[in-house]
Amino acid sequence: MAARAPMPVPGLRRSSALQCESAARRLGRSGRGRVGQVRAQLPDSSDNAFTKTAQKALEVNLHPEWYGTFAEIGAGQEVARWFFRVGGAAGTVAKSVSAYDMTVSDSMYGACARYVTKERLEAMLDYEYLQCSLTLRKNKGHNTQFFAFADTVVAKAYKRDNECHGWLGIKFQMNPGEEPCRIMVHCRMLEDSASAQQVSLGVLGVNLLHSAFIERDPMKIVKALSDDVGPEKIEIDVVDFSGPQFKDVDERLVALRLVQNGQTDAAIFSGSGKLMIPQEALRKMNVLLLRGRFKPFTLLHNDMLMGAASQFFCSTFDEEITNLDAKDYCVQRDDTQVILEMTTNDMLESGDLLDWTSETGLDESAFLQRMEALNKLGYIVMLSSYQRYFSLAAYLRRYTNEAICIALGPNALRQLFRERYYRDLPGGILENFGRLLRYDLKLYVYPTLDPATGTLVHARNLRVDPEVQLLYDYILTRGAIVPITMYDESLLSEGDVSKRVVESIRAGTSDWENLVPKYVAEQIRDQRLWGYRPPSELKAPSLFKNERGAEVGKTEVTV
């Protein structure tokens with residue numbers, strides 16, 4: 001009697017079902033015995049929207065070597081549920097557990113102060129993987145890739161507007177008998193109902209488990225996480241890789257890819273270069289932020305921060321500044337984060353980070369060099385996709401209710417008042433400033449010199465387009481625009497100081513050394529950035545001269 005063809009899974013296209021059937025036959029006797037289980041029914045017709053997710057879950061279930069446990073806390077067992085729904089779960093799921101009670105959870109994974117953290121996820125993965133692998137190693141270890149999947153999340157609460165986020169992870173073997181690797185993901189759930197969040201979380205979990213086994217390229221794993229669940233539903237701001245197969249993965253490049261993919265709007269790095277969770281980095285903190293390309297970071301950038309700090313922290317500034325080297329530090333209070341922000345668009349527009357041979361069009365090694373230079377100065381670095389200030393302000397205000405200050409120069413402020421940049425907004429430039437000012441932030445404006453007259457241009461005498469001058473005057477009077485009154489006159493320039501540094505380096509002069517902090521200068525010399533050559537290789541006359549034609553000597557920096 002001829003064998004009957006397996007029934008397709010609702011939610012799977014016919015071609016997808018045939019692919020899964022074909023895959024199962026290729027798996028040999030283990031897979032062959034499980035093909036009949038594809039008959040399991042998906043109960044909800046709305047699951048047709050998740051054809052790709054169902055196919056992924058079924059592919060995992062039909063693989064004879066992938067076997068492990070699921071531990072989920074906070075939003076039901078939505079990930080494990082997918083593998084039970086599509087059929088064939090008996091060959092994949094060794095155990096599924098959900099320890100909701102804190103006492104029970106602590107008895108399994110150890111006591112902790114907070115339950116939705118990276119540390120808690122690590123404890124869950126370690127416990128579940130060890131229990132699974134030790135228990136089953138004798139019977140299955142020679143031909144099985146063990147895994148433990150876990151998540152700990154806080155979904156939307158009943159009648160409460162809470163921050164919805166969580167950690168998901170998998171600890172798994174890439175080949176039988178190997179040391180395990182680990183992938184951990186932090187996400188924000190953006191939908192307005194707990195049920196919708198649960199569905200999206202289940203899809204994300206399937207994507208993580210499937211891509212961990214199928215993909216070997218970390219960047220492909222990162223991209224695959226958002227299949228069938230876009231950034232309007234789940235924002236992924238951290239993906240952490242560890243283990244023998246991922247020892248060369250740089251988390252800064254992973255964060256860069258998340259921003260470029262649109263999976264998150266921003267990534268924050270500590271002064272040591274470690275990726276930070278925005279909630280933990282900004283919660284209950286004041287923020288002093290400077291936007292720029294930092295090509296490279298110069299003493300002018302530093303003076304802008306110092307000047308803003310002198311007014312932002314006016315009550316403690318004089319006391320703190322006395323013991324600091326003004327060339328390398330800015331003043332910061334214990335309850336304040338000082339952040340340098342770069343946008344992906346600005347990095348590409350600056351030119352030196354372009355690499356059309358790369359997948360993303362960006363020179364990743366040059367990006368890492370710039371990050372290292374900023375990290376050596378001890379600053380927090382933020383990488384974002386925000387072009388508009390009100391979007392940046394909304395991001396910061398999402399995590400803190402404390403004071404926010406953005407330092408900028410007159411040219412950047414003029415651009416902020418260009419009406420043509422807001423034609424896509426229904427309310428135009430008025431909507432822009434309405435949305436910006438609602439976050440109660442202040443713009444601290446650093447002065448510059450007028451290239452035509454040599455006079456000082458500051459916030460009080462700045463002229464913008466005539467059509468919006470009254471709007472500018474109103475915002476200035478309102479106190480949202482604040483002139484920086486403490487600055488180093490020797491650093492004021494009618495040109496781009498970063499550009500002057502690069503030109504000096506390429507011309508072989510030493511003038512650039514007067515314009516950058518010492519750590520930046522050391523990096524430029526050590527890595528020979530922007531064509532730097534030691535004096536022994538090339539000597540050239542000074543690039544910058546005064547009106548009489550004499551070379552300008554080194555200038556002591558004062559604040």
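Structure above, values below:
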{"item": "Of Leu456, Pro466, Leu437, farthest towards positive along the dipole that unit charges on Lys, Arg, Asp, Glu beta carbons give region 416-468", "result": "Leu437"}
{"item": "Rel. contact order, % - alpha carbon contacts under 8 angstrom, at least six apart, region 398-458", "result": "41"}
{"item": "Cα gyration tensor shape for region 146-209, rounded if a/c is under 1.5, else prolate or oblate", "result": "prolate"}
{"item": "Anisotropy class of region 208-289 from Cα gyration tensor, a/c 1.5 cut", "result": "oblate"}
{"item": "Debye, to nearest 20: dipole size of region 403-522, +1 on Lys, Arg Cβ, -1 on Asp, Glu Cβ", "result": "380"}
{"item": "Sorted peptide list for 69-76, 414-421, criterion being average Cβ within 10 angstrom, highest first", "result": "69-76, 414-421"}
{"item": "Global form of region 410-458, assessed from the alpha-carbon gyration tensor, a/c cut-off 1.5", "result": "oblate"}
{"item": "Packing rank of 431-442, 470-481, 147-158, where each peptide gets the mean count of other beta carbons within 10 Å, highest leading", "result": "147-158, 431-442, 470-481"}
{"item": "Net charge of neighbours whose Cβ lies under 13 Å from the Cβ of Gly169, counting Lys and Arg as +1 and Asp and Glu as -1", "result": "-3"}
{"item": "Region 423-465 - charge dipole about Cα centre, Lys and Arg +1 at Cβ, Asp and Glu -1, debye rounded to 20", "result": "120"}
{"item": "Solvent exposure of region 342-485 as accessible area per residue, Å², 1.4 Å probe", "result": "46"}
{"item": "Point-charge dipole on Cβ atoms (K/R +1, D/E -1) for region 63-126, about Cα centre, debye to 20", "result": "180"}
{"item": "Residue-count net charge about Lys274 - beta-carbon cut-off 12 Å; Lys, Arg +1, Asp, Glu -1", "result": "-2"}
{"item": "Listed peptides 116-127, 175-186 by packing density, highest first (mean Cβ within 10 Å)", "result": "116-127, 175-186"}
{"item": "Charge tally in the Cβ shell below 13 Å around Asp440, where Lys, Arg are +1 and Asp, Glu are -1, Asp440 excluded", "result": "+4"}
{"item": "Paramagnetic reach from Asn175 in region 139-169 [backbone N under 20 Å; point 7 Å along Cα→Cβ]", "result": "140-148"}
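The values are calculated or read from the model by the stated rules, or taken from the named source; none is laboratory data. Remember, it's a predicted structure, so these values are computed and weren't measured experimentally. Positions of Cβ are backbone-derived with ideal geometry, glycine not excepted, and every protein chain shown enters the neighbour counts. SASA here: full protein model, heavy atoms, side chains in, ligands and nucleic acids out. Shrake-Rupley method; radii C 1.70, N 1.55, O 1.52, S 1.80 Å.
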